[in-house]
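Participant: Can you read through this structure? Questions will come right after.
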Amino acid sequence: MAENYAIIETGGKQYRAERGGTLLVERLPEDEGAKVNLRAVMFRADGKVVLEPKELEKVKVEATIAEHLRGPKVRIFKHRPKKGYRRRAGHRQGLTKLEVTEVKMLTRRPAAKKSAEKPEEKKAEEKKPAAKTAEKKAEAKPAAKKAPAKKPAAKTRSGSTRKTSSSRSASSSTRTKKEDS
């Protein structure tokens with residue numbers, strides 16, 4: 001076991017990375033031979049353990065992509081007894097083999113990557129008139145929502161609308177009066 005190692009996270013899983021070791025992780029989008037920087041979750045060197053996020057930004061874990069491969073086949077079989085339901089499927093996970101080239105603690109945090117825009121263009125965007133931005137905000141607001149239309153009454157098999165309990169009692173009382181006269 002090496003004295004210096006880091007616990008890195010990639011693909012939602014954590015791995016122990018040592019210099020010169022290999023890792024089998026979920027597929028990464030980079031090509032074979034490319035260098036990849038991995039995010040450290042923990043670092044240990046000479047008995048000192050680093051867990052704080054500010055200090056972990058100084059940890060450099062670099063690896064090269066050795067190859068892309070596929071994992072073993074997993075067979076899936078779904079079955080419902082007495083129903084005639086059977087489904088068969090399979091899955092092979094895409095994997096990437098990494099060779100860890102460097103695990104070390106830097107003296108300071110690495111510089112942030114430069115953006116593609118020039119600083120002059122950023123300044124020009126900041127100096128836009130306030131009136132134009134107010135117009136854009138007004139356009140972006142959605143219109144007030146209208147109440148949904150009421151649904152028509154449910155129909156019976158004969159095509160007439162259903163009667164409620166109060167209308168049924170009223171109609172039955174009129175029938176009895178008609179029959180009496």
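The values are calculated or read from the model by the stated rules, or taken from the named source; none is laboratory data. No experiment lies behind these values; they were computed from the predicted model shown. All Cβ positions, even for glycine, are placed from backbone atoms using ideal geometry, and neighbour counts span all protein chains on display.
Participant: Could you tell me whether any residue of region 85-95 is of a type in the set (Ser, Thr, Tyr), within 22 Å of LYS113 (Cα to Cα) and at pLDDT 95 or above? Show your work before the answer.
Facilitator: Of the residues in region 85-95, the ones of a type in the set (Ser, Thr, Tyr) are 85.
With within 22 Å of LYS113 (Cα to Cα) added as a condition, the list becomes none.
No, region 85-95 contains no residue that is of a type in the set (Ser, Thr, Tyr), within 22 Å of LYS113 (Cα to Cα) and at pLDDT 95 or above.
Participant: Quick one: what pairs do we get from region 88-99, first residue part of a strand (DSSP E or B), second of a type in the set (Phe, Trp, Tyr), C-beta under 6 Å, 6+ apart or different chains?
Facilitator: ARG88/PHE77
Participant: For region 16-45, enumerate the residues that are in a loop (DSSP other than H, G, I, E, B) and surrounded by fewer than 18 Cβ atoms within 10 Å (Cβ to Cβ). So that I can check it myself, show each step before the final result.
Facilitator: Narrowing region 16-45 to residues in a loop (DSSP other than H, G, I, E, B): 18-21, 27-34.
GLU18, ARG19, GLY20, GLY21, ARG27, PRO29, GLU30, ASP31, GLU32, GLY33, ALA34, listed by residue number.
Participant: Could you please let me know if ARG109 is touching a residue at least 12 places away in the same chain (Cβ under 8 Å), of a type in the set (D, E, K, R) and not in a strand (DSSP E or B)? So that I can check it myself, show each step before the final result.
Facilitator: Numbers: touching a residue at least 12 places away in the same chain (Cβ under 8 Å): yes; of a type in the set (D, E, K, R): yes; not in a strand (DSSP E or B): yes.
Yes.
Participant: Counting only residues that are among the small types (Gly, Ala, Ser) and not in a loop (DSSP other than H, G, I, E, B), how many does region 1-15 have?
Facilitator: Of region 1-15, the ones among the small types (Gly, Ala, Ser) are 2, 6, 11-12.
Okay, now just the ones that are also not in a loop (DSSP other than H, G, I, E, B), so 6.
Final tally of qualifying residues: 1.
Participant: Taking ALA40 and the conditions (1) touching a helix residue (DSSP H, G or I) at 6+ places or on another chain (Cβ under 8 Å); (2) over 22 Å from PRO110 (Cα atoms), which numbered condition does it fall short on, given that it satisfies the others?
Facilitator: Here ALA40 clears every test but (2).
Participant: Suppose we keep only residues that are outside any loop (DSSP other than H, G, I, E, B) and under 25 Å from the mean Cα position of the chain (by Cα) within region 48-60. Which one would you say is nearest to ARG109 (Cα to Cα)?
Facilitator: From region 48-60, those outside any loop (DSSP other than H, G, I, E, B) are 48-50, 53-56, 59-60; that's our starting set.
Retained after the next criterion (residues that are under 25 Å from the mean Cα position of the chain (by Cα)): 53, 56.
On the way: PRO53: 11, LEU56: 9 Å.
Taking the candidates together, the pick is LEU56.
Participant: Report, by residue number, each residue of region 56-72 that is of a type in the set (Asp, Glu) and modelled with pLDDT of 95 or more.
Facilitator: GLU62, GLU67
Participant: Looking at ALA17, ALA63, ALA34, which is the one that is in contact (Cβ under 8 Å) with a residue 60 or more places away in the chain, closer than 28 Å to ALA111 by Cβ and over 23 Å from the mean Cα position of the chain (by Cα)?
Facilitator: Details: ALA63 fails: in contact (Cβ under 8 Å) with a residue 60 or more places away in the chain; ALA34 fails: in contact (Cβ under 8 Å) with a residue 60 or more places away in the chain.
Of the residues listed, the single one that is in contact (Cβ under 8 Å) with a residue 60 or more places away in the chain, closer than 28 Å to ALA111 by Cβ and over 23 Å from the mean Cα position of the chain (by Cα) is ALA17.
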